[in-house]
Amino acid sequence: MNMYKITISNLFFQFVLITTVAAQNLNAYQKDTAKVMQLKAQADRYRFTNPDSCLPVAQKALQLAQSLKFKKGEGEVHLTLGEYHRASGNFPEALQHFFTSLRISREIQDSAMEGSSLTFIGIAYIGLEEFRTALNYLFQANEINRNLPEVNITAFGLTNIGVAYQQLGMLDSALIYQNLAWQVGKNMRMKPGIAFMLRETGIIYALQHKYDSALYYFRSALTVSKDVLNAGRIYSRMALLYEEMNNPDSAYHYARLAFSRGQLSLQKLTMLEAGRLLARYFMGKRQLDSVIKYQELNMSLQDSLFGRKQIQKLQLLAIEEQKRIYDTEQRQQQIEQEQTEYRNNIRIYVLLGILAMFLLLGFILYRNNRRKQIANKLLEKQKNETEKTLKVLQDTQAQLIQSEKMASLGELTAGIAHEIQNPLNFVNNFSEVNKELLAEMKDEMDKGNIAGANEIANDVIANEEKINHHGKRAGNIVRGMLQHSRSSSGVKEPTDINALADEYLRLAYHGLRTKDKSLSAGQAGFNATIKTDFDASLEKINIIPQDIGRVILNLLTNAFYAVNEKKKQNIPGYEPTVTIRTTQNPPTGGGRKAEIRVTDNGNGIPQKILDKIFQPFFTTKPTGQGTGLGLSLSYDIVKAHGGELKVETKEGEGSTFILVLHTIY
C-alpha cells in the first residue's frame, strides 16, 4: 500500500515537472518569435531613415527565425531583405528573397504574406523594365490584397500598376490606377506610402506636360514625407521636370539633392538618373572635368545595376524559378495520376465483387477504363513531345533575334566606316599637298623670292583650314555615333526628327553599298537615287531616339533591298529610287503628329502576304538573309511610343511605309 502511494506521488511529481518545463519552453519560444518580429520592424524603419543599419538587423532577425523554425517570421524578414536589395539596385538578390517569401507564404497558407510577395516581385520587375511581367504579378497580388483588411499593401500594389502602365506609355490607364490607389490609401498611417502615391501621380502629369500640376504633386509629396528613400526619388523627378522646362539651374539644384539622397539611401537607380542629368548639365556648361566625372560614375552604376554579372544572376534565378514551377506541376500531376489509378483500381475490385451478376456491365466499364488510361498515356506522350518542340522553337527564336541584332550592327558599322572615311581622305590628301607646298616655299625663300613664298604660304593656310574643317566633321560623326551607341535608358527626350532621319538614311545607304558583293573588287557597290523632303517647320518630338532610329534604319534598309532586287531584273530604263519625307500635321482631336514616309519603287508587296509582314519571323528574303524580326520589332517599338506603323503598296510599282508619331514636344 505504501509502495502504491509512493508510485502515485512520483507520477504526479513527474507530470507537474513536465508541464512546468513545457510551459517555460512555450513562453521562451513566444518571447523569441516576438523578438524576430521586433527586429523585422526595426529593419523596416531603418530602410527609410538609416539604410546602412537595415541589412545587419534584418540578417539577425532571419538567423533567429530560421533557428526557431519560425516560418512566418522567416517569410516576413525575406520581404524586408528583398526590399532593401531592390532599393539599392541589386535586383537578382531582391527577387531571390521575394520568391523565397512567396514559397513560404504558400506553404503556411498566409494570404497576406503571399499578396505582399507578389506585389514586391512585380515592383522588382518594374525596376528591371520588364513591365508586362510586372503587371502579371501585380494583378495576381491585387486579387489577394483587395480581400484583406490592411489597405497599405493594396494601395501600394495599385500605385505600382499605375507605374507599370506609365512606363509603357499608357498614361490614361496609369492615371486611373493612381486615382484608385489614392481612394484606397489616402488615409493610411504610412506617410512614405502617401508620398510615393503623390510622386507617381506627379510623374504622369509631367509626361502629359502639365508642369504646374506635376510640381504641385512633387511638393505635396515632400511635405508629407522627407525620408531619404522618398526624397531622393522626388528630387530626381523634379530635376528632370525643370530640365524639360528649360530651367537648367533649378534642374542642377534638384539633381544634386537627388544624387546626395541616393547615396544616403543606397539607391543606385536614383543616383544613375541624377548622374545622367548632372552630366548633361555640365556638358552644356562645357565643364569637361565634371562631365567625365559623372560619366564614369554613371558607367559604374550602370554596370552594377545591369551589367553582365547581374544579367547572368537574373537568368539563373529565372531558370531556377521556372524549374521549381515545373517540378511542382509534375508532382501535382503525378499525385493526380496516382489518385486516378487508385480510384480505378477500387472500381475494378468492386466490379469483380459483383462479376457474377453484372459480368457484361463490368466488362464494358473495364474496357472504357483501359481506353481512358491509354488516352492519358497518349496525352502524356504528346505533351512531352510538345515540350521538346517548344524548347527547340525557343532556342531557334533566340538565335534568330541574335542574328537580327548582329545584322543591324553590321549595317551601322559599315555606314559609320564610310562616313568617317570621307573626311579622313580629305585630311590625308590636303596634308600631303601641304607637305609639297612647304617644300616649294622653302625653295622660294632660299632663292629670295619672298612674294612667291607668301603666295605658297597663303595656299598652305587655306589647306589647313580645310584640314581643320574635315577633322571637325569626323569628330562630329564620332560624337554622334557615341551618342547613339549608348544603351537605351527608356527615357524619352526632345528629338529633331529631320536630323535623325537624315543620319540613318546615310548609314543605311552606305551600309548596303559596303555589303554589296555583286561587283568586282575595287568597284562601287549598290547605287540608288535618294530623294529627301524634310519639313523645315517640323517641331521636336518627345521620343527615345535610339529606338525610333532603329525603326527608321530598318525601313530604309528594306527599301534599299527592294530596289536592289528589282534592279537585278535588268528592266530597261529602271532607276532605283528611295524617298524619305517628313511632315507635321495639324491637331485632329488627339494632339499634333509627325509623319515619316519611306517610299521605294521596288516590286511592291503582294496582297496575299500583306497582312503577314508585321508578324514575327515572316520574311520574303532568301534563307540566311533575313530573320523576319525587323518589321515585327519596329512595329512593337512604334506601338510602345503610342504611334502607328502602316504600309501602302502596289505590286510591281513599289511600297510606302508610314511612321506616325503623336504629341509634338
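Just so you know, all these numbers are worked out from the coordinates, no wet-lab data involved. Small disclaimer: the values here were computed from a predicted structure and weren't measured. Positions of Cβ are backbone-derived with ideal geometry, glycine not excepted, and every protein chain shown enters the neighbour counts.
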Surpassing 23 Å at the alpha-carbon level, of the pairs Lys391/Lys646; Lys540/Lys650; Lys567/Lys650; Lys388/Lys621; Lys40/Lys191, are Lys391/Lys646; Lys540/Lys650; Lys388/Lys621
By the mean-Cβ-within-10 Å protection proxy, highest first, 453-461, 215-223 rank as 215-223, 453-461
Output ordering of 348-360, 63-75 (per-residue mean of other Cβ within 10 Å, highest first) is 63-75, 348-360
Any aspartates and glutamates whose Cα falls less than 16 Å from that of Lys285, other than same-chain ones fewer than 8 residues away, would be Glu243, Asp249
Highest mean packing first, using Cβ neighbours within 10 angstrom, the peptides 187-200, 570-583, 80-93 sort as 80-93, 187-200, 570-583
